[in-house]
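One structure below.
FYI, it's all coordinate maths here, none of it is from the lab. Only a predicted model underlies this, so the values are computations on that prediction, with no experimental measurement involved. Using ideal geometry, Cβ is built from the backbone for each residue, glycine included, and neighbour counts are taken over all protein chains shown.
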Amino acid sequence: MKKSILFIIVCTIANMAYAQQPDTTVVFNKLVHDFGAIVKNDGAQTYSFEFTNKSTLPVTIQKVTTSCGCTTSGWTKEPVAPGAKGYVNVTYNPSGTTTFNKSITVNITGGKPEVFVLRILGKVVEPDTN
């Protein structure tokens with residue numbers, strides 16, 4: 001019985017501490033971008049995923065990881081203030097003719113760490129020879 005009461009007290013305190021953590025949620029304009037058909041000879045294509053810091057604290061992008069070497073990224077390096085916007089630029093370099101669906105993992109810190117998975121997709125096509 002004493003162990004049960006102690007367990008309930010510990011859980012209640014932990015929940016109260018978690019509830020008091022600042023909200024560090026960011027909201028992206030979208031999580032998936034479809035490039036559609038990309039002509040192979042047109043070269044690298046870039047899209048900028050924009051986000052807004054909806055929290056009461058600054059947030060910082062700590063790390064961005066792409067799923068393959070054909071995709072590179074750049075991002076807002078300085079902390080993003082509450083209510084301000086930041087970005088993650090993603091560049092896809094087409095090689096061959098293929099359908100692609102690549103992921104970009106974004107680690108954001110502020111009051112609590114958050115991880116977002118962005119996606120780019122499309123199809124690389126040969127140039128029209130007509």
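Over segment 23-125, what is the mean sequence separation of C-alpha contacts under 8 Å (at least six apart), divided by residue count, expressed as relative contact order in percent?
That works out to 36 percent.
May I ask you to compute the full-extension gain from residue 112 to residue 42, defined as 0.36 nm times their residue separation minus their alpha-carbon distance, rounded to one decimal in nm?
Full-extension gain reported as 21.1 nm.
Is the shape of segment 23-125 rounded, prolate or oblate, going by the alpha carbon gyration tensor and its root eigenvalues a ≥ b ≥ c, with a/c under 1.5 for rounded and a/b larger than b/c for prolate?
Since a/c reaches 1.5 and a/b is larger than b/c, the shape of segment 23-125 is classed as prolate.
With charges set only on the Cβ (+1 for Lys and Arg, -1 for Asp and Glu), what does the dipole of segment 73-130 come to about its Cα centre, in debye to the nearest 20?
Approximately 220 debye in magnitude.
Any idea what diffusion coefficient segment 41-80 gets from Stokes-Einstein, in µm²/s, Kirkwood Rh on alpha carbon pairs, 25 °C, 0.890 mPa s?
195 µm²/s
Starting with the highest mean, order 94-105, 49-60, 79-90 by the number of other Cβ atoms within 10 Å, averaged over the residues of each peptide.
Highest mean packing first, the order is 49-60, 79-90, 94-105.
Say the cut-off is 19 Å between C-alpha atoms; which of 63/123; 77/123; 63/112; 63/85; 30/112 go over it?
Distance filter (> 19 Å) returns 63/123; 77/123; 30/112.
Give the cross-link partners of residue 40 among the aspartates and glutamates, using a straight C-alpha distance below 13 Å as the criterion and excluding same-chain residues fewer than 8 apart.
Straight-line reach from residue 40, under 13 Å: 126, 128.
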